[in-house]
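Colleague: This structure is in structure tokens; I'll ask about it shortly.
Every read-out reported here was derived from the displayed coordinates using simple, explicitly stated rules and does not represent laboratory data. Keep in mind that this is a model prediction, so the values were computed, not measured. Neighbour counts run over all protein chains shown; Cβ positions are idealised from the backbone, glycine included.
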Amino acid sequence: MSTPDLPLAPTGGCGDDCACGAGDGYEEYAECGLDPALAQLLADAGLDPVEVEDIANVAIQEDLDHGVDVTTVATIPEDAVATADFVAREAGVVAGLRVAEAVMSVVCEDEFEVERHAEDGDLVEAGQKLLSVTTRTRDLLTAERSALNILCRLSGIATATRAWADALEGTKAKVRDTRKTTPGLRSLEKYAVRCGGGVNHRMSLSDAALVKDNHVVAAGGVAQAFKAVREAFPDVPIEVEVDTLHQLREVVDVGADLILLDNFTPGECEEAVALVHGRAALEASGRLTLENAKAYADTGVDYLAVGALTHSSPILDVGLDLRGAE
């Protein structure tokens, strides 16, 4: 699959239109040092540009450890300029290209140009060029590993998610992530799930409730735990994890919004769907594999919860190739 080249876009640096406050129409990103057009692209994708910039800075500072890139400084003239291409080494779904640009942006001392050949969510082939960056050679090489670490990680998650989404095609079920994410990278990893065709579970402990087995033990029962959350937070969506059909009946009767069927077999899920009869959404969790995903989806559940999307997906191999002299 080939993707046509997208327009050349000047970015980076901190010129007259920078999002740090001087640009018109970008007041929302006043705390962000990224180029305002890049900040807008990140925001349009559902990412916080300030958070992305912070992650990029952390990645670079971890790599430099408050020093300099000694190999690059020693071997590359300070005024040398080059173009480098981000290239897929294998087929998959790409995610995090604008985040990679953000990493480049925090390193580049001068403005740089990007040529975008693909967009997040695209299915790409081995050898396909994804993004080209022209700037100081030193900056390209210093930013290389941090940008690739994030891009490869997010693209791996998107690729794995697409495999699940493809397995569920033709059913109403959606593959959904969990909170089993890398500390500090949750928003990016959940974004990658969306790029792969999955949907997100709650982003944090505060935006929805999930009553699990330990809550049930502490509260004295699954119905009691549900009622306690509903009373304390009446406007918050509540999901309840159940291990048996008996527990399922309890939580349906008290009004759970969403029920997590923990380690149910496909046959038990089918019974649960019939029992609930549309009164709550159902999510299967545990025992799930790509091989049995369709069997679970065919039972009529609404979601398949797959923690492995974010905690175990292998990376998608992407490299950075510096162009030789013309």
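Colleague: Mind sorting D253, D177 by how few other Cβ atoms lie within 10 Å of their own Cβ, fewest first?
Modeller: D253, D177
Colleague: What FRET efficiency comes out for the pair H66/D213, r = Cβ-Cβ distance, R0 = 56 Å, nearest 0.05?
Modeller: With a Förster radius of 56 Å, E is 0.80.
Colleague: If you don't mind, there's one more thing I want to ask. Could you compute how fast region 159-281 diffuses translationally, taking Rh as the Kirkwood radius over C-alpha pairs and applying Stokes-Einstein at 10 °C with viscosity 1.306 mPa s? Give it in µm² per second.
Modeller: 101
Colleague: Okay, moving on. By counting other Cβ atoms within 10 Å of each Cβ, how are T181, T135 ranked from fewest to most?
Modeller: Lowest count first: T181, T135.
Colleague: For region 283-326, what's the radius of gyration and Dmax over Cα atoms, in angstrom?
Modeller: 18.5, 59
Colleague: Something else: Return the single residue from D262, D243, D35 with maximal mean-square fluctuation; model: Gaussian network over the chain, springs between Cα atoms under 10 Å.
Modeller: Result for the chain, Cα springs under 10 Å: D243 fluctuates most.
Colleague: Any idea how many Lys pairs in the chain come in under 30 angstrom at the alpha carbon, given 8 or more places apart or on separate chains?
Modeller: 19
Colleague: So, R0 is 25 Å and r is the distance between the beta-carbons of E111 and R323; what FRET efficiency does that work out to, to 0.05? Don't skip to the end; give the middle numbers.
Modeller: Working: r = 19 Å, r/R0 = 0.76.
Rounded to the nearest 0.05, the efficiency is 0.85.
Colleague: Which order results if S187, S155, S146, S206 are arranged by neighbouring Cβ count within 10 Å, fewest first? Each step should come with its number before you reach the end.
Modeller: On the way: S187 18, S155 30, S146 24, S206 9.
Ranking S187, S155, S146, S206 by Cβ neighbours within 10 Å, fewest first, gives S206, S187, S146, S155.
Colleague: Based on alpha-carbon atoms only, what is the radius of gyration of the chain relative to the globular estimate 2.2 N^0.38 Å?
Modeller: For the chain, the normalised Cα radius of gyration comes out at 1.16.
Colleague: To the nearest 10 degrees, how steeply does helix 97-107 sit against the main Cα axis of the chain, on a 0 to 90 scale?
Modeller: Tilt relative to the chain: about 50 degrees.
Colleague: A follow-up question, please. For the chain, give me the percentage of DSSP beta bridges that are antiparallel, rounded to the nearest 5 percent.
Modeller: Once the DSSP bridges in the chain are tallied, antiparallel ones form about 55 percent.
Colleague: Compare V52, V106, V70 in a GNM of the chain, Cα atoms joined below 10 Å, and give the one with the largest fluctuation.
Modeller: Most flexible of the set in this elastic network: V70.
Colleague: Would you calculate, for the chain, the mean residue ellipticity at 222 nm contributed by helices, counting each DSSP H stretch of 4 or more residues as -39,500 (n - 2.57) and dividing by all residues, to the nearest 500?
Modeller: -12000 deg cm²/dmol
Colleague: Now for a different question. Which residues in region 231-259 have a backbone N closer than 11 Å to a point placed 7 Å from the Cα of V199 along the Cα-to-Cβ line?
Modeller: In region 231-259, the label zone of V199 (backbone N under 11 Å from the point 7 Å along Cα→Cβ) covers no residue.
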